[in-house]
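Below is one structure, written out as structure tokens; comments come after it.
The values are calculated or read from the model by the stated rules, or taken from the named source; none is laboratory data. Here the structure is a predicted model, which is why all the values come from computation and not from measurement. When we count neighbours, we look across all protein chains shown, and the Cβ atoms used for this are built from the backbone with ideal geometry, even at glycine.
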Amino acid sequence: MNIPKTISLDHGSGGLASQHLIKDLFLKYLSNPVLDGLEDCAILEQYNGRIAMSTDSYVVDPLFFPGGNIGELAVNGTINDLAMRGARPVALSLGLIIEEGFSAVDLERIIAAIAKATELAGVDIVTGDTKVVPRGKADKIFINTTGVGVVPDKVNISGKNAQPGNVVLVSGTIGDHGITIMANQAGLAIDGDIQSDTMALHPLVDAVLQQSGDSIRVLRDPTRGGLATSLCEIASASSVSITIEEDKLPIRPPVNAACELIGLDPLYLANEGKCIVICDQEKAEATLGCMRSMDQGEEAAIIGRVIDDKPGRVTLTTRIGGSRLIEPLTGHPLPRIC
């Protein structure tokens with residue numbers, strides 16, 4: 001690779017060093033017919049349907065963690081934001097802000113992870129930008145990804161669509177990503193296989209929409225703020241009440257044990273490869289079966305229902321039959337989890 005061991009300000013200048021970085025590193029992993037043109041703007045082929053667009057920035061610390069790194073997190077996170085509106089992702093942009101002195105070896109690891117994630121997802125990086133800032137003006141590397149997708153006709157997924165009588169499902173275990181990042185930030189050694197759940201969810205969403213069609217009311221990936229905050233947002237937006245059952249929540253035993261050790265509630269931990277699905281009651285079992293048939297939803301579960309009660313209210317029925325009010329996250333118990 002025709003770059004030094006660390007990134008310098010020259011690599012963000014737009015000159016010869018920038019060209020070497022692009023050709024010798026980025027195109028080495030991310031090459032495709034659209035990106036290879038190195039134009040300032042990508043031209044995409046015509047797609048039938050409504051255009052969906054989402055953007056997100058990733059500043060996670062540490063950059064590398066069990067189950068992933070900032071690169072694949074950036075790809076999967078933006079793809080999932082598109083998928084939660086029923087969109088099929090078609091292209092991504094990649095923006096990098098790199099601190100002067102950042103290791104070129106680590107940069108290559110991140111770009112390789114991005115390449116693998118886009119290949120698995122079947123979505124290309126078609127345009128991008130790189131800036132290098134002086135030492136101390138950033139923390140190693142920040143990534144922004146913008147995604148473009150297409151929403152098929154008649155698909156109408158929104159956090160405002162939940163209705164009394166609907167059933168609430170989750171595609172798998174909760175809290176995996178959040179506790180992984182917390183343990184790494186704190187230098188804690190926790191027994192059990194705990195790692196990030198980062199993955200792209202659009203294949204699962206496609207399958208669910210094909211199975212259950214317009215009975216799917218809401219999709220949401222419970223990232224920052226976790227399952228609890230996402231359900232509160234949905235209940236508020238839809239002016240409904242949601243109740244969930246504690247003994248139905250899929251939580252890995254090592255995650256539960258770690259939460260008890262640290263004093264955290266898994267309901268508020270971030271997830272990067274799970275989604276909430278709210279659907280009509282008559283399609284709930286079929287939707288659950290469809291989710292469990294997919295790699296992304298093997299541990300899916302029905303966890304609650306939407307009821308006609310105080311708008312915006314979320315409650316949890318405990319294992320002993322009590323009731324607990326669930327409120328949105330306040331404060332920052334897990335800084336920089338994505």
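Identify the single condition in (1) buried (at least 17 other Cβ atoms within 10 Å of the Cβ); (2) closer than 27 Å to residue 13 by Cβ; (3) among the charged types (D, E, K, R) that residue 81 does not satisfy, given that it satisfies every other one.
(2) is the only condition that residue 81 fails.
State whether the residues of region 129-148 include one that is under 22 Å from the mean Cα position of the chain (by Cα) and more than 26 Å from residue 15 (Cα to Cα).
Looking through region 129-148, at least one residue is under 22 Å from the mean Cα position of the chain (by Cα) and more than 26 Å from residue 15 (Cα to Cα).
Every residue, every condition in (1) surrounded by 17 or more Cβ atoms within 10 Å (Cβ to Cβ); (2) in the same structural domain as residue 127 (by TED's automatic domain parsing); (3) at positive phi; (4) touching a helix residue (DSSP H, G or I) at 6+ places or on another chain (Cβ under 8 Å), yes or no:
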{"site": "26", "(1), (2), (3), (4)": "yes, yes, no, yes"}
{"site": "30", "(1), (2), (3), (4)": "yes, yes, no, yes"}
{"site": "48", "(1), (2), (3), (4)": "no, yes, no, no"}
{"site": "73", "(1), (2), (3), (4)": "yes, yes, no, no"}
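For the structure I just gave you, tell me whether residue 279 is touching a residue at least 24 places away in the same chain (Cβ under 8 Å), closer than 26 Å to residue 72 by Cα and surrounded by 17 or more Cβ atoms within 10 Å (Cβ to Cβ).
no
Against the definition (buried (at least 17 other Cβ atoms within 10 Å of the Cβ), within 20 Å of the chain's Cα centre (by Cα), of a type in the set (Val, Ile, Thr) and closer than 23 Å to residue 33 by Cα), how does residue 157 come out, yes or no?
no
If only one of 56, 40 is surrounded by fewer than 19 Cβ atoms within 10 Å (Cβ to Cβ), at pLDDT 95 or above and not assigned by TED's automatic domain parsing to the domain that holds residue 214, which one is it?
On the way: 40 fails: at pLDDT 95 or above.
56 is the lone residue from the list that is surrounded by fewer than 19 Cβ atoms within 10 Å (Cβ to Cβ), at pLDDT 95 or above and not assigned by TED's automatic domain parsing to the domain that holds residue 214.
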